[in-house]
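Novice: Dropping a structure here in structure tokens format, bear with me for questions.
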Amino acid sequence: MESSGGSSKGCMDQFTSLIRSQRGMLLFAEIIACIIILICYGASWSYAYTGLAIFMLIYCIVLFIIFMLGLHLQLTFVHWGWTTFIRALIGAVAFIITAIVVLVSRPDGAGIAGAVVSILTGILFGYDAYTILPTLRKSHAPAPSAEVGHQPPESPANFIPQN
């Protein structure tokens, strides 16, 4: 349903504009990978490791919705760059460690498949953290001084590119 102003975009337009950005593609790929890991670990003897996939799936979906609806521009008290970096870093380390534990313990067919997808997802999360790091370094600025022409650093709300 369109608003009378005409300037707001529909839900599908917001989804497609986010999914076309690199950050949106990475988030969407992480969501799909978490679903695959959830299915693989759920069908194996290693079903106890589904908790990590569920947690990261919910975390990625919440961030995807926040970025899709543009709420990151309104919630300025959260530094979205650091939030997504920590999510990606924790996801990378946790998925790789979980995959190694599953492979070393009692692997079955679905457990091995889940571990392989888990390693690939850990690499995907690591790549996501690697792509976020330059934006964090760019937004870091020295403490404000008493200079007259001092410009404040770029807002962390601009972390997600708007297409």
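The values are calculated or read from the model by the stated rules, or taken from the named source; none is laboratory data. Remember, it's a predicted structure, so these values are computed and weren't measured experimentally. Please note: Cβ atoms are built from the backbone with ideal geometry, for glycine as well, and neighbour counts cover all protein chains shown. Side chains are part of the model used for accessible areas, which takes the heavy atoms of the whole protein and leaves out ligands, DNA and RNA. Shrake-Rupley method; radii C 1.70, N 1.55, O 1.52, S 1.80 Å.
Novice: Note down the accessible area of VAL104, probe 1.4 Å, to the nearest 10 Å².
Specialist: 110
Novice: Also, I was wondering about something else. As a test of reading the structure, rank LYS9, LYS138 by solvent-accessible area (1.4 Å probe, protein chains only), most first.
Specialist: Order by accessible area, largest first: LYS138, LYS9.
Novice: Hey, what D do you get for region 19-137 in µm²/s if you plug the Kirkwood alpha-carbon radius into Stokes-Einstein at 20 °C and 1.002 mPa s?
Specialist: Once the numbers are plugged in, D ends up at 147 µm²/s.
Novice: Which percent of the accessible heavy-atom area of region 19-137 goes to carbon and sulfur, probe 1.4 angstrom?
Specialist: Roughly 78 percent, rounded to a whole number.
Novice: When the dipole is taken about the Cα centre of region 19-137, and only Lys, Arg (+1) and Asp, Glu (-1) are charged at their Cβ, what size is it in debye, to the nearest 20? Walk me through the intermediate numbers first.
Specialist: Values: 5 positive and 3 negative charges, 43 e Å.
About 200 debye.
Novice: Treat each spin label as a single point 7 Å out from the Cα along the C-beta direction, and report the ALA29 to LEU136 distance in nm.
Specialist: 2.0
Novice: With the other protein chains left in place, how much accessible area per residue, in square angstrom, belongs to region 19-137 at a 1.4 angstrom probe?
Specialist: Spelled out: the 1.4 Å probe surface of region 19-137, per residue, equals 50 Å².
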